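**Q** Structure in structure tokens, see below.
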Amino acid sequence: MRLSEVRLEEVELPLVEPFETSFGVERNRRFLIVMVRARDGPEGWGECAAAADPLYSSESVATARWMIVERLLPMLFRLDDPTPERFLYEAARFRGHPMAKAAVELALQDLRARAAGRSLSQLLGGHRSRVRVGVSVGIQPDVPRLVERVGRYLEAGYGRIKLKVRPGWDARPVAAVRREYPDVELWVDANQAYPARAAGQIRRWAERYGVAQVEQPFAERAIRAHAELARGASFRVCLDESIVDASSLEDALAAKAVTSLNVKVARVGGLGVGRSLARRAARAGVPSWVGGMLESGIGRAHNVALASTPSFVLSSDLSASDRYYVEDITDRPFALGPGSTLEVPRGPGIGVEVVERTLRKYRRSSRTFRP
Ligand code: OSB
Ligand code: MG
């Protein structure tokens, strides 16, 4: 199968409400989407998680666009049979840029599934028709508003709450949510905001308020600090930013620094890598779940397909579409179903279609490339 065309679009979608983390606040999400078309017809869609600013990781919309346009597409057009695996094998010679690589890999995965007339979930070996999800709650202006926000998510049916925390927004909000909702499954995520010496304090409030999981409190490279926090802890220590490939996972497993694995296809460079990291973690007895980057319906559909595969056992950060955007660029929004789940689409590929009219409404630029 050869490609006839690739489209790269930049979109800006307004969020339903601002999303604040330890590294900043997003009101509109600016991101790239990639469409690949095969000569004989079918299309595949991928989304790039890189944001306008390099805050979560070193990639941004600008670096991802450069990487895709100047390096990945010329290479892709030279391949006779651009499978996702072949593409990643060739792309590996360029260091870094996992989000740019993932965007193309996702599009190729969707294309392959559509060409085969099968769902992406099926093609990845998914065995679930619904995936268990939770909701990631951004930092709020004050504690009462947080408690109220969490209450509304619980009413909507979410069975697990992840609170974004940072120094100065941790013990107090966590205590308040625990007091109001004694039984809720509570996780926290600091996005690297703490120095290693804060481990004692984090342990105290996390244990006192029954936090089930603490995600990435320390810097990406601070494997030892995470291992120390994990030792004898009543909660799981989850790594997100620290795990960027197979060897960083090996090192974290060997150091016992990871007792829960957040798999983001963007951070690790695609669905194929994400699935194999989760398998590896499972063999070491470490549970995985799919992390989110506020994706539109395109990236969400890829994430749901990944979460339907056997190694993903904890609830994923994949909330219903209405929690993210005023209007999404895909049809068939994801809705929260029984038991805090999303349904895995059964149609060909990612199982949702891009609504071109809505895409045009929110796009900032569009470029078409041909071999
Ligand atoms: O660390 O998980 C994170 C969003 C942007 C950047 C980093 C993270 C997040 C989320 C969002 O937590 C989760 C979601 O998409 O629902
Ligand atoms: Mg995280």
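Residue by residue, here is whether (1) under 30 Å from SER119 (Cα atoms); (2) among the hydroxyl-bearing types (Ser, Thr, Tyr); (3) within 15 Å of ligand 2 (Cβ to nearest atom) holds:
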| site | (1), (2), (3) |
| --- | --- |
| ARG130 | yes, no, no |
| SER136 | yes, yes, yes |
| VAL143 | no, no, no |
| GLU155 | no, no, no |
| ALA175 | no, no, no |
| ARG179 | no, no, no |
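**Q** Just need a number here: residues in region 233-281 that are surrounded by 19 or more Cβ atoms within 10 Å (Cβ to Cβ), away from ligand 1 (no atom under 16 Å from the Cβ) and in a loop (DSSP other than H, G, I, E, B).
**A** So the count comes out to 5.
**Q** Condition check: within 16 Å of ligand 2 (Cβ to nearest atom) and under 12 Å from the mean Cα position of the chain (by Cα). Does ALA301 satisfy that?
**A** no
**Q** Within region 345-371, can you find the residues that are of a type in the set (Ser, Thr, Tyr) and surrounded by 12 or more Cβ atoms within 10 Å (Cβ to Cβ)?
**A** Once the filter is applied, which keeps residues that are of a type in the set (Ser, Thr, Tyr) and surrounded by 12 or more Cβ atoms within 10 Å (Cβ to Cβ), region 345-371 yields THR358, TYR362, SER366.
**Q** Any idea how many residues of region 1-38 are among the aliphatic types (A, V, I, L, M) and within 16 Å of ligand 2 (Cβ to nearest atom)?
**A** Here the count works out to 1.
**Q** Determine which single condition LEU314 fails, assuming it passes every other condition in (1) closer than 20 Å to ARG130 by Cβ; (2) within 16 Å of ligand 2 (Cβ to nearest atom); (3) more than 11 Å from the chain's Cα centre (by Cα); (4) not in a loop (DSSP other than H, G, I, E, B).
**A** Of everything listed in (1) closer than 20 Å to ARG130 by Cβ; (2) within 16 Å of ligand 2 (Cβ to nearest atom); (3) more than 11 Å from the chain's Cα centre (by Cα); (4) not in a loop (DSSP other than H, G, I, E, B), LEU314 misses just condition (4).
**Q** Any idea which of (1) under 24 Å from ALA156 (Cβ atoms); (2) among the small types (Gly, Ala, Ser); (3) in contact (Cβ under 8 Å) with a residue 40 or more places away in the chain is the one ALA175 doesn't satisfy?
**A** All conditions pass for ALA175, except number (3).
**Q** Going through region 154-172 one residue at a time, which ones are touching a strand residue (DSSP E or B) at 6+ places or on another chain (Cβ under 7 Å) and touching a residue at least 40 places away in the same chain (Cβ under 8 Å)?
**A** Result: TYR158, GLY159, ARG160, LYS162, LYS164, VAL165.
**Q** Among all residue pairs at least 6 apart or on different chains, which show Cβ distances below 9 Å where the first residue, located in region 204-215, is in contact (Cβ under 8 Å) with a residue 40 or more places away in the chain and within 14 Å of VAL184 (Cα to Cα) and the second is more than 14 Å from ligand 2 (Cβ to nearest atom) and β-branched (Val, Ile, Thr)?
**A** So the pair list comes out as GLN213/THR259.
**Q** Within region 322-337, can one find any residue that is of a type in the set (Phe, Trp, Tyr) and in a loop (DSSP other than H, G, I, E, B)?
**A** yes
**Q** Looking at region 236-252, which of its residues are in contact with a strand residue (DSSP E or B) (Cβ under 8 Å, 6 or more places away or on another chain) and away from ligand 2 (no atom under 15 Å from the Cβ)?
**A** Within region 236-252, just LEU249 meets the criteria.
**Q** Right, ASN191: within 30 Å of VAL304 (Cα to Cα), within 16 Å of ligand 2 (Cβ to nearest atom), polar (S, T, N, Q) and in contact (Cβ under 8 Å) with a residue 60 or more places away in the chain or not?
**A** Yes, satisfied.
**Q** Could I ask something else about it? Kindly establish whether GLY134 is within 15 Å of ligand 1 (Cβ to nearest atom) and either buried (at least 21 other Cβ atoms within 10 Å of the Cβ) or free of Cβ contacts under 8 Å to residues at least 12 places away in the same chain (or both).
**A** Spelling it out, GLY134 is indeed within 15 Å of ligand 1 (Cβ to nearest atom) and either buried (at least 21 other Cβ atoms within 10 Å of the Cβ) or free of Cβ contacts under 8 Å to residues at least 12 places away in the same chain (or both).
**Q** Residue pairs, Cβ under 7 Å, 6 or more apart or interchain, first in region 288-303 and within 10 Å of ligand 1 (Cβ to nearest atom), second of a type in the set (Phe, Trp, Tyr). List them.
**A** Within 7 Å, the pairs are VAL290/PHE312; LEU294/PHE19; LEU294/TYR324; ARG300/PHE334.
Just so you know, all these numbers are worked out from the coordinates, no wet-lab data involved. Here the structure is a predicted model, which means the values were calculated and not measured. Positions of Cβ are generated from backbone atoms using ideal geometry, with glycine treated the same way; all protein chains shown enter the neighbour counts.
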